[in-house]
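Inspection log for the structure reproduced underneath, given as structure tokens.
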Amino acid sequence: NDRPFSAKLEVPEALTFDDVLLRPKESRVEPDDAATETHVSKNVSLNVPVLSAAMDTVTESEMAIAMARHGGLGVIHRNMDVDRMVTEIERVKRADELIIRDVVTADPDQTVSEVDAMMQREGVSGAPVVGDDDEVLGIISATDIRPYLEVGDSDAVSEAMTDEVITADADVSPREALELMYEHKIERVPIVDDGDRLIGLVTMQGILQRREFDQAARDENGRLRCGVAVGPFEEDRAKAADDAGADVIFIDCAHAHNLDVVDTARDIKADVDADVVVGNIGTREAAEALADFADGLKVGIGPGSICTTRIVSGSGMPQLSAVAEVADVAAEHDVPVIADGGIRYSGDAIKAIGAGADAVMLGSYFAGTDEAPGRIITRNGKKYKQYRGMGSVGAMKSGGGERYLKDVEDQDEEDYVPEGVEAATPYQGPVENELHQMVGGMQSGMGYVGASSIPEFKERAEFVRVSSAGQQENHPHDVLITDEAPNYSPGE
Ligand code: XMP
């Protein structure tokens, strides 16, 4: 039969993680010395190139706080009303603030026992004493109060307080505040404005806690970074997220090359101060449509562990080719790229960066951790956590339809056409451990390629194609695994 094939099926091949390996290269880089600093969007850099997914079984404030403390970024999902979203963002922004703005204060006319009870109730061991107009008159601590309580409890706070108060103004640095504390043997410094009015408090405990997280993702005021997802047509939500202090707003759509989405994303970008990352996309043409205004591009059409988009719609792009295509265009515009979905191992993550991504977004990898909101399920004595696609029936019922450009509000559940499944993933413990394994593995990859930084790695990375025999060789084989490794499970 010498009839030619139809040109329709003379098609390019697209690749994903298991199709390739990074070619090892000459190296003087020890993995621990490989720097993982990167950009997640034009104006936001991170020490750790990892984001937690905007999914209702992955990221709310608890996950976002943990991610930012350990150098990454959490992206709060959008299956919640706007007021709740604002509260979630504020929780993250306040978590490790140097200056506590919500200060517990005492009144000079209160009795010492009243203040003692108040401090116990609020869980603080000292409080600034303020008069009318918030003027700072003194400071009182549990140590000041103790002798008064022993001889009676009706003395006024003004008797017991220390009235020579060391204060500082709002641009005090952590180092300056600590120096003041050491010099004057105190543990808290009230922050005052020009008129000596209280506007905040810096505590020794707060400073030491911040020191513990020396990789943390922080904004210019030292507050933790926070990402948040908004729908492509939700300009009001985007404005509210911006006002609440979100650092990066993610326009969250399963197909951001829809031209209505491109238009509204452009409008949202013009309306907010935060960086705006747009996604998801998977092709060069989509990147071209967005790269002139977006602060970041997010890639992934159907690679996710809980996704059925490719099966339901017959459309998608194998993830590594998608990342590489988008990254080619993004590089010309200096726009960072995030590879979102399908990452099971640290090796996948560093391959995504080798293909041109600047950071990776993970859903299933983190869904089993303590900080993820899903409930714990026990089956046959083993613990799991719930993990579901944002296009699954359950997530759509709680408001997730718009991501898939579907109006499900007036639909009955049986009329939904979902693009994701509801599942469970093994319980993992604290996210810090998972992140440690992920980043350590990525650094190993950098060591094998001889790159001491992410930009250098992107330049040096070369891939080889792997056959199906090679894929088998990649995994442990011909043995019975007796002890589980913390960073490898043979797939369930
Ligand atoms: P992983 O593989 O890390 O993927 O679990 C997380 C990413 O998957 C996307 N996502 C979905 N894609 N249907 C889809 O086709 C869904 O229901 C769905 N929910 C999430 C999303 O990009 C996420 O970050």
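Quick notes on this structure:
- Which listed residue, of ALA66, ALA95, ALA7, is at pLDDT 95 or above and either touching a helix residue (DSSP H, G or I) at 6+ places or on another chain (Cβ under 9 Å) or surrounded by fewer than 19 Cβ atoms within 10 Å (Cβ to Cβ) (or both): ALA66
- Condition check for GLY316 on (1) at pLDDT 95 or above; (2) part of a helix (DSSP H, G or I); (3) within 16 Å of the ligand (Cβ to nearest atom); (4) surrounded by fewer than 24 Cβ atoms within 10 Å (Cβ to Cβ): one failure, at (2).
- Of all residues in segment 180-225, those that are more than 11 Å from LEU98 (Cα to Cα), open to solvent by less than 70 Å² (accessible area, probe 1.4 Å) and assigned to a loop (DSSP other than H, G, I, E, B) total 8.
- Residue list for segment 154-179, restricted to those being in a helix (DSSP H, G or I) and open to solvent by less than 40 Å² (accessible area, probe 1.4 Å): VAL157, ALA160, ALA177, LEU178
- Options GLY354, GLY363, GLY347: the member that is under 27 Å from SER489 (Cβ atoms) and surrounded by fewer than 24 Cβ atoms within 10 Å (Cβ to Cβ): GLY347
- Counting only helices (runs of 4 or more DSSP H) that sit wholly inside segment 319-373, those with at least 1 residues that are away from the ligand (no atom under 16 Å from the Cβ) and in contact (Cβ under 8 Å) with a residue 12 or more places away in the chain are 319-333, 346-354.
- Candidate set from segment 439-492 (those that are in contact with a strand residue (DSSP E or B) (Cβ under 8 Å, 6 or more places away or on another chain) and aromatic (Phe, Trp, Tyr)); member that is nearest to ASP348 (Cα to Cα): PHE463
- Any chance ALA322 is farther than 18 Å from ALA54 by Cα and under 23 Å from the mean Cα position of the chain (by Cα): yes
- Flag for ARG78 being among the basic types (Lys, Arg), open to solvent by 10 Å² or more (accessible area, probe 1.4 Å), within 26 Å of the chain's Cα centre (by Cα) and within 16 Å of the ligand (Cβ to nearest atom): yes
- Qualifying residue in segment 375-384 (condition: open to solvent by 10 Å² or more (accessible area, probe 1.4 Å), among the aromatic types (Phe, Trp, Tyr) and within 13 Å of the ligand (Cβ to nearest atom)): no
- Within segment 397-421, the residues that satisfy the criterion of being near the ligand (Cβ under 10 Å from one of its atoms), touching a helix residue (DSSP H, G or I) at 6+ places or on another chain (Cβ under 8 Å) and either without any contact (Cβ under 8 Å) to a residue 60 or more places away in the chain or assigned to a loop (DSSP other than H, G, I, E, B) (or both) are PRO418, GLU419.
- VAL464 meets the stated requirement of being of a type in the set (A, V, I, L, M, F, W, C) and in a strand (DSSP E or B).
- Within segment 27-71, the set of residues being of a type in the set (Ser, Thr, Tyr) and assigned to a loop (DSSP other than H, G, I, E, B) comprises SER27, THR36, THR57, THR59.
- Any helices (runs of 4 or more DSSP H) falling wholly within segment 226-313 and containing at least 2 residues that are in contact with a Pro (Cβ under 7 Å, 6 or more places away or on another chain), touching a residue at least 12 places away in the same chain (Cβ under 8 Å) and more than 13 Å from the ligand (Cβ to nearest atom): 259-271
The values are calculated or read from the model by the stated rules, or taken from the named source; none is laboratory data. Fair warning: this is a prediction, and the values are worked out from it, not measured in the lab. Please note: Cβ atoms are built from the backbone with ideal geometry, for glycine as well, and neighbour counts cover all protein chains shown. In case anyone asks, the SASA skips ligands and DNA or RNA and just uses the protein heavy atoms, side chains included. Shrake-Rupley method; radii C 1.70, N 1.55, O 1.52, S 1.80 Å.
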